[in-house]
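Encoded as structure tokens, the structure appears first; notes follow it.
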Amino acid sequence: MNEEQRVKRSKFLALILRHQPESVGLTLEKEGWASVDAVLGVCQKKGRGMSRAELSELVNLCPKQRYAFDETGQKIRASQGHSTEGVEMTFAKAEPPEVLYHGTIEQFLPSIFEKGLIPGSRHHVHLSADRETALNVGQRRGKPVLLQLDTGAMRAAGEDFYLSDNGVWLAERVAPEFLRRA
Ligand code: HQG
């Protein structure tokens, strides 16, 4: 599988496992799982056919570890990043480092400092423990701006943090008082 194929296939998996499973007639469980056979069938039908071995390679070699198989190997899901309504994954509550980062762009700042960080179409706000990851996230939209949030103050205010299986920190929202430019 070359890099171009890998990116195209990974994006197609994001579409069907995170955002629009119904667009290809796929049903996801509440915890995000889909049958591997069904996913391979959909890929085939949409002209993106791949073997089970290629799917495993895609899952295992993904730098962000976006997708995972269950322990039987019969099911697959995205580890976070969903926007589809049918999925309501249970994430482990976890104790975050003192500071978490969020990468965004300048034009969103007035709204962010007014309303706080809100999830948009996804189910959670995505945060990271390191500056570089957050800068990369921001960079997808333009010149990145780094925000940092005070996790201790947020926890003292009763807010929870969750950690996905692939190491992404998640929150339901982040109120403006906990945010500042890094
Ligand atoms: C912004 C990728 C205005 C927020 C990445 C962001 C990440 C606001 C955008 C993952 C706002 C939402 C998630 C407010 C937040 N007003 N704008 N009040 N609150 N925003 O894509 O964090 O490759 O849903 O700053 O690497 O950019 O898909 O979130 O710019 O981990 O695996 O609204 O997606 O991972 O955009 O990215 P997104 P994100 P994958």
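Laboratory data are not the source of any read-out in this text; all were calculated from the coordinates shown. Note that this is a predicted model, so its numbers are computed, not measured. As a convention, Cβ positions derive from the backbone with ideal geometry for all residues, glycine included, and neighbour counts pool all protein chains shown.
Quick check on my filter: what residues within the stretch 140-182 are among the small types (G, A, S) and either within 20 Å of K64 (Cα to Cα) or within 14 Å of the ligand (Cβ to nearest atom) (or both)?
At the first step, the residues of the stretch 140-182 found to be among the small types (G, A, S) are 142, 152-153, 156-158, 164, 167, 171, 175, 182.
Result: G142, S164, G167, A171, A175, A182.
Restricting attention to the stretch 104-120, and to residues there that are free of Cβ contacts under 8 Å to residues at least 60 places away in the same chain and within 7 Å of the ligand (Cβ to nearest atom), which single residue is farthest from A14 (Cα to Cα)?
S111
Which members of the stretch 125-159 meet the condition of being closer than 14 Å to E177 by Cβ and crowded, with 18+ Cβ neighbours inside 10 Å?
Pass one, the stretch 125-159, residues closer than 14 Å to E177 by Cβ: 147-159.
Selection gives L147, Q148, L149, T151, M154.
Can you pull out every residue in the stretch 143-182 that is more than 18 Å from the chain's Cα centre (by Cα) and among the charged types (D, E, K, R)?
K143, D150, R155, E159, E177, R180, R181
Given the conditions (1) within 16 Å of the ligand (Cβ to nearest atom); (2) more than 28 Å from V145 (Cα to Cα); (3) touching a residue at least 40 places away in the same chain (Cβ under 8 Å); (4) assigned to a helix (DSSP H, G or I), which single one is not true for F12?
(3)
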